[in-house]
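All remarks here apply to the structure that follows.
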Amino acid sequence: MKELQTERLTLKPMSPEYLESTHEYASDPENTVYMLFLPNDSIDDTLNYLKGAEEEFKKEKPSFYEMAVILDGKHIGAVSLYLNESGDLAEFGWMLNKRYHGKGYGFEAAKALMEYGKNELGIRHFIAHCDTENIASRRVMEKLGMVCTGEHGGRHSKNFKEERREFTFEIFF
Ligand SMILES: CC(C)(COP(=O)(O)OP(=O)(O)OC[C@H]1O[C@@H](n2cnc3c(N)ncnc32)[C@H](O)[C@@H]1OP(=O)(O)O)[C@@H](O)C(=O)NCCC(=O)NCCS
């Protein structure tokens, strides 16, 4: 997997090289409030995630792509695509360190990965989910041209005792 370059960002394959910077946001309850399986309780959880991401890039056909988002040489977050078995559908994920929110980096990184998925991997259908109160994530989906195709309950997030509601957004090419 090559690096992807945007106007302000570089996307590089995730690896344990980014352990401390990843754990800073992945263990932060505020930063991860709308995430399903975060925050991570221990740095070993973060390390295992990074090792898994690194291993996947060694495969001839990775089933997921976890990319580190780099700004001026500093690791500030991650954007990901998880493919289905036939490889024509992929689900997005994104998370930035909260110190870098609201500057358009999330959209810029996701847009670059969407273009890569479309042009290099042949993905024709992108999907994303978010908590209905996660306005920033929803806006990234809208700015990507994705359309809301569903709203439903049954979302079980680590941070909430009660069941949450979520949106599904999709785009087809
Ligand atoms: C979701 C996330 C990656 C977005 O990254 P980002 O760089 O902050 O996003 P962008 O700056 O590209 O766009 C955010 C948009 O949401 C809008 N927004 C953010 N918070 C908002 C709020 N409370 N009310 C209204 N709009 C809001 C911004 O104005 C912006 O829209 P605009 O470009 O039309 O002005 C980032 O907020 C994040 O890491 N959140 C924590 C992790 C997370 O929740 N991940 C998603 C799980 S589904």
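Bear in mind that the values in this text are calculations on the coordinates, not laboratory data. Computed from a predicted structure; not experimentally measured. Note that each Cβ is placed from the backbone with ideal geometry, even for glycine, and that neighbours are counted across all protein chains shown.
Put +1 on the Cβ of every Lys and Arg and -1 on every Asp and Glu Cβ in the chain; which of Asn119, Gly145, Met14 then has its Cα farthest towards the positive end of the dipole?
Gly145
Counting only GluC sites (Glu not before Pro) that are in a DSSP loop and have at most 14 other C-beta atoms within 10 Å, tell me the longest site-free stretch of the chain.
With a cap of 14 other Cβ atoms within 10 Å, the longest stretch comes to 86-132.
Please turn the phi angles of segment 104-112 into ³J(HN,Hα) values with the Karplus equation 6.51 cos²θ - 1.76 cosθ + 1.60 (θ = phi - 60°), one per residue in order, whole Hz, x for glycine and proline.
Calculated HN-Hα couplings, in order: x, 5, x, 5, 4, 5, 5, 4, 5 Hz.
Stretched out fully, how many nm does the piece from Lys143 to Lys118 gain, at 0.36 nm a residue minus the Cα gap?
7.3 nm
Apply the Karplus parameterisation 6.51 cos²θ - 1.76 cosθ + 1.60, with θ equal to phi minus 60°, to every residue of segment 153-163 and state each ³J(HN,Hα) to the nearest whole Hz, in sequence, with x for glycine and proline.
Values, residue by residue: x, x, 8, 10, 9, 4, 7, 10, 6, 7, 5 Hz.
State the antiparallel share, in %, of DSSP beta bridges confined to the chain, rounding to the nearest 5.
Close to 90 percent.
About the Cα centre, and with charges only on the beta carbon of Lys, Arg (+1) and Asp, Glu (-1), how big is the dipole of the chain? Nearest 20 debye, please.
It works out to roughly 440 debye.
Have a look at Ile76, Ile127, Ile43 and tell me which one the Gaussian network model of the chain (Cα, springs below 10 Å) gives the largest fluctuation.
Comparing Ile76, Ile127, Ile43 in the GNM, the peak value goes to Ile43.
Under the rule of -39500 (n - 2.57) per DSSP H run of 4 or more residues, summed and divided by the residues of the chain, what mean residue ellipticity at 222 nm is obtained, to the nearest 500 deg cm²/dmol?
For the chain, the value works out to -8500 deg cm²/dmol.
Is the shape of segment 4-172 rounded, prolate or oblate, going by the alpha carbon gyration tensor and its root eigenvalues a ≥ b ≥ c, with a/c under 1.5 for rounded and a/b larger than b/c for prolate?
On the way: a/c = 1.31, a/b = 1.02, b/c = 1.28.
In terms of gyration-tensor shape, rounded.
If I take every Cα pair under 8 Å that is 6 or more residues apart in segment 1-98, average their sequence separation and divide by the length, what percent do I get for the relative contact order?
Once normalised by length, the contact order is 27 percent.
Which residue fluctuates the most in the chain, going by a Gaussian network model with Cα springs under 10 Å, if the choices are Lys51, Lys61, Lys74?
Greatest mean-square fluctuation among the candidates belongs to Lys61.
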